[in-house]
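Trainee: The structure follows.
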Amino acid sequence: MSETLRLGSGKELDELVRTRLRCCPQRPPGITRTPKQPGTWLRGRPGEPSLVAQPFLKLPGTNTYRTIPDGLWLHFSPDPLDRYADILCIEACGTIANLQDKRARFAPSTCSLLVVCPVRWMLDRVDPEDSTPRWRLIHLLRQAPVEPLVLPVRDVRVLYGLKSRHYLGFAKSQMPQPHEYFCPMDALTAKDGHEAPELQGLIGRASAAANFMTPP
C-alpha cells in the first residue's frame, strides 16, 4: 500500500503516524531539560501494539469517556510532595471535523484534567533496549506500584498534524490557542521525521521554559 493511499484513509493514516511516533525517544524531540521541567519525561503513547495498558486522559469522576491521543509524552514531577504531570500530545487530524473534535477535548476548562498511568505500563520496561521498569524513573514512586497512578495535569501542549490543504487554510485564517501547535501531516508521517530540525524546533517551542525571556 502506498503512502499516498494511506494518507487518504483515516485508520491507515492514524496507524502510519503511530508507527512513526514509536521511533521517537522517551523525551519529546526538541525539548531539552530546563529548571521548569526537571523531572522525568516518558513516552506514554504509542506503545507497542501488543501492550493494551497505556496512559490515557480523563476528567475527574468519569470512567467511560477517555481521551487517547495518537502521541502522548508525560513529564512527571520530581517531588513526591507536589504530585503532577505535564503532557505533550500529538494528534493526527485527517479532516476538519476531526480537528474540531480534538481541539474541543483540549480546550481550557474549569475541570481538572487527569492522566492515568496503568500498573502494567509502569511495571513494563522502558523500551526494548532498556530493561529498567518505568516506575523506577518516576520519582514520585518509592516502590513498585500496585494501583494506577492518577495525577492532575499541570501543563498541556498539543501538536496537531493537518493535511497540507487544511494546514495552509488554517495557517492563513485561524488563530491557535496558546497551548496549540500545528504542522503539516508530512512532518509526522516522514521516516525519521522526529529528527528533522523544523519539527524539533517547533516542539522545542512547546517547552514550558519557552514562555520566559530568561528562564530561571
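Trainee: Label point 7 Å out from HIS139 along Cα-to-Cβ: which residues of the range 85-101 have amide N under 14 Å?
Mentor: 85-86
Trainee: Distance in nm between label sites at GLN200 and ARG103, each 7 Å beyond Cα in the beta-carbon direction?
Mentor: Going from the GLN200 label point to the ARG103 one covers 3.0 nm.
Trainee: A further question follows. R0 = 22 Å: FRET efficiency of GLN177 with VAL116, Cβ-based, nearest 0.05?
Mentor: 0.35
Trainee: Shape of the range 121-165 from its Cα gyration tensor (a ≥ b ≥ c, root eigenvalues): rounded if a/c is under 1.5, otherwise prolate when a/b > b/c, or oblate?
Mentor: oblate
Trainee: Taking Cα pairs under 8 Å and at least six residues apart, what relative contact order does the chain come out at, in percent?
Mentor: Reported relative contact order: 24 percent.
Trainee: Then there's this: Compute the accessible area per residue over the range 114-183, keeping the other protein chains in place, probe 1.4 Å, unit Å².
Mentor: 57 Å²
Trainee: Compute the length gained on full extension between ASP127 and ALA190: take 0.36 nm times their separation in residues and subtract their Cα-Cα distance, giving the result in nm to one decimal.
Mentor: This chain segment gains 20.5 nm when fully extended.
Trainee: Here's a follow-up. Run the dipole for the chain about the Cα centre, Lys and Arg Cβ at +1, Asp and Glu Cβ at -1, nothing else charged, and hand back the magnitude in debye, nearest 20.
Mentor: 300 debye
Trainee: Of the heavy-atom accessible surface of the range 61-216 (probe 1.4 angstrom), what whole percent is carbon and sulfur?
Mentor: 53 percent
Trainee: In whole angstrom, how far apart do the alpha carbon centroids of the range 42-76 and the range 192-216 sit?
Mentor: Computed from Cα coordinates, the inter-centre distance equals 23 Å.
Trainee: Given the Cα-Cα distance of ALA53 and ASP79 and 0.36 nm per residue of separation, how much length would full extension add, in nm?
Mentor: Difference between extended and current length: 6.8 nm.
The values are calculated or read from the model by the stated rules, or taken from the named source; none is laboratory data. Computed from a predicted model, the values in this text were never measured in an experiment. When we count neighbours, we look across all protein chains shown, and the Cβ atoms used for this are built from the backbone with ideal geometry, even at glycine. For the accessible areas, the whole protein counts, side chains as well, though only heavy atoms, and no ligand, DNA or RNA atoms are used. Shrake-Rupley method; radii C 1.70, N 1.55, O 1.52, S 1.80 Å.
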